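Q: Take a look at this one; I'll ask things after.
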Amino acid sequence: MPPVILYYAIPFFVLLLSIEAWFSHRENRHLYEIKDTFGSLGLGIGNVLTSLVTKALIFALFSFLYTYRSFDLDFSNWWYWVLLFFADDFSYYWFHRTSHHINYFWASHVVHHSSQRYNLAAALRQTWTGNATGAFLFWAWMPLAGFHPIWILFMQQISLIYQFWIHTETIHKLPTPLEYILNTPSHHRVHHGVNLKYLDRNHGGVLIIWDRIFRTFQPEQEHPTYGLTTNIESNNPVTIAFLTWRDLFRKARSSGSLLTGLKYFLMSPGWSHDGSTQTAYQLRQKQGQQKS
């Protein structure tokens with residue numbers, strides 16, 4: 001198994017979270033709410049516990065795939081780490097983008113967007129079901145390409161540690177060159193916004209260049225409204241972790257046919273067979289028609 005540096009980072013996460021909460025209270029900014037914060041912490045703890053099992057299984061699978069690798073890449077070479085970084089970040093972008101466009105993956109990822117507040121505690125809102133339902137598949141090509149499973153899982157942890165600090169309103173913007181290349185608090189605030197122009201934008205992990213290349217980038221303009229288009233009105237971690245899965249199965253079961261039921265898992269969030277709810281794409285189309 002790879003070194004679990006993410007676990008060593010947890011005390012620093014809590015320290016920084018506490019400092020931000022104190023700063024928010026001192027400045028009377030109301031960035032934190034007690035029940036919301038404890039909901040985030042509960043989800044973070046649950047993610048750590050479930051990952052103890054799922055990461056071990058993923059490591060075993062990647063080790064098996066590694067035996068069929070196309071290349072022998074030597075981690076002692078400096079360029080190995082450059083390739084590993086870009087390969088991981090590219091994989092994360094497509095995992096993240098897909099998680100916003102296919103309900104099957106969104107049912108796990110929705111947890112991370114469930115807070116109506118944007119703070120460092122929200123960074124800890126992590127899925128309990130993502131690894132178990134196949135999120136790892138977006139990285140499965142890497143052991144086949146020759147990246148050792150230990151270093152794949154290691155780089156995933158580096159990415160998650162980086163993404164912690166961008167969940168803040170305390171930092172406005174970084175210098176322009178950094179804003180152009182890196183995922184920053186400004187870019188990620190957009191990602192968590194439910195404003196129509198912000199939906200399904202800025203999916204990058206460490207880098208924002210993939211969003212610029214694949215045309216999913218949106219700069220921060222007006223202040224975002226955070227949460228979901230239909231919020232989960234609960235701070236119970238168990239409810240947040242499983243509610244969307246329950247709703248998906250209920251809608252599929254009552255849809256009237258197996259094919260329509262399957263579509264509820266394969267279509268975008270908001271899709272409905274009777275048009276009672278709409279996807280972000282449909283809402284944008286509707287807004288464009290109204291303007292014209």
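Q: Among the residues that make up the stretch 41-56, is at least one of them without any contact (Cβ under 8 Å) to a residue 12 or more places away in the chain, more than 26 Å from the chain's Cα centre (by Cα) and in a helix (DSSP H, G or I)?
A: no
Q: Here's something else I'd like to know. Restricting the first residue to the stretch 122-148 and requiring it to be in the same structural domain as L31 (by TED's automatic domain parsing) and over 13 Å from L57 (Cβ atoms), which pairs with a second residue that is of a type in the set (F, W, Y) and assigned to a helix (DSSP H, G or I) meet a Cβ separation below 6 Å and a spacing of at least six or different chains?
A: What qualifies is A123/F164; F138/W94; F138/F95; P143/F62; P143/Y66.
Q: Does D89 satisfy the condition of being outside any loop (DSSP other than H, G, I, E, B) and either in contact with a strand residue (DSSP E or B) (Cβ under 6 Å, 6 or more places away or on another chain) or among the acidic types (D, E) (or both)? Before you say what the answer is, go through the steps one by one.
A: Numbers: outside any loop (DSSP other than H, G, I, E, B): yes; either in contact with a strand residue (DSSP E or B) (Cβ under 6 Å, 6 or more places away or on another chain) or among the acidic types (D, E) (or both): yes.
Spelling it out, D89 is indeed outside any loop (DSSP other than H, G, I, E, B) and either in contact with a strand residue (DSSP E or B) (Cβ under 6 Å, 6 or more places away or on another chain) or among the acidic types (D, E) (or both).
Q: So, in the stretch 160-180, how many residues would count as being surrounded by 18 or more Cβ atoms within 10 Å (Cβ to Cβ) and either outside the structural domain of T54 (by TED's automatic domain parsing) or hydroxyl-bearing (S, T, Y) (or both)?
A: Of the residues in the stretch 160-180, 1 are surrounded by 18 or more Cβ atoms within 10 Å (Cβ to Cβ) and either outside the structural domain of T54 (by TED's automatic domain parsing) or hydroxyl-bearing (S, T, Y) (or both).
Q: When the stretch 46-58 is examined, which residues are found to be in contact with a helix residue (DSSP H, G or I) (Cβ under 8 Å, 6 or more places away or on another chain) and surrounded by fewer than 18 Cβ atoms within 10 Å (Cβ to Cβ)?
A: Within the stretch 46-58, just V48 meets the criteria.
Q: Anything in the stretch 261-290 that is crowded, with 16+ Cβ neighbours inside 10 Å and in a helix (DSSP H, G or I)? List them, or say none.
A: Within the stretch 261-290, G261, K263, Y264, F265, A280 qualify.
Q: Filter the stretch 240-267 for residues that are free of Cβ contacts under 8 Å to residues at least 24 places away in the same chain and in contact with a Lys or Arg (Cβ under 9 Å, 6 or more places away or on another chain) and give the result. Break it down stepwise before answering.
A: Going residue by residue through the stretch 240-267, those that are free of Cβ contacts under 8 Å to residues at least 24 places away in the same chain are 243, 246-247, 249-263.
A252, S255, G261, listed by residue number.
Q: So, one more: Could you tell me whether the stretch 211-218 includes any residue that is part of a loop (DSSP other than H, G, I, E, B), among the hydroxyl-bearing types (S, T, Y) and touching a residue at least 40 places away in the same chain (Cβ under 8 Å)? Talk me through it step by step, then tell me what you get.
A: Applying the first criterion (part of a loop (DSSP other than H, G, I, E, B)) to the stretch 211-218 yields 214-218.
Retained after the next criterion (residues that are among the hydroxyl-bearing types (S, T, Y)): 216.
After this cut, where a residue has to be touching a residue at least 40 places away in the same chain (Cβ under 8 Å) as well, the list is 216.
Yes, there is a match, as at least one residue in the stretch 211-218 is part of a loop (DSSP other than H, G, I, E, B), among the hydroxyl-bearing types (S, T, Y) and touching a residue at least 40 places away in the same chain (Cβ under 8 Å).
Q: Given the residues L196, L228, which is the only one that is under 17 Å from the mean Cα position of the chain (by Cα) and outside the structural domain of N77 (by TED's automatic domain parsing)?
A: Values: L196 fails: under 17 Å from the mean Cα position of the chain (by Cα).
Among L196, L228, only L228 is under 17 Å from the mean Cα position of the chain (by Cα) and outside the structural domain of N77 (by TED's automatic domain parsing).
Q: Also, quick follow-up: Does W22 count as loosely packed, with under 15 Cβ neighbours inside 10 Å and within 25 Å of L182 (Cβ to Cβ)? It would help to see each step written out before you state the result.
A: Values: loosely packed, with under 15 Cβ neighbours inside 10 Å: yes; within 25 Å of L182 (Cβ to Cβ): no.
Spelling it out, it is not the case that W22 is loosely packed, with under 15 Cβ neighbours inside 10 Å and within 25 Å of L182 (Cβ to Cβ).
The values are calculated or read from the model by the stated rules, or taken from the named source; none is laboratory data. Note that the structure is predicted; figures quoted are calculated from it, not measured. Neighbour counts run over all protein chains shown; Cβ positions are idealised from the backbone, glycine included.
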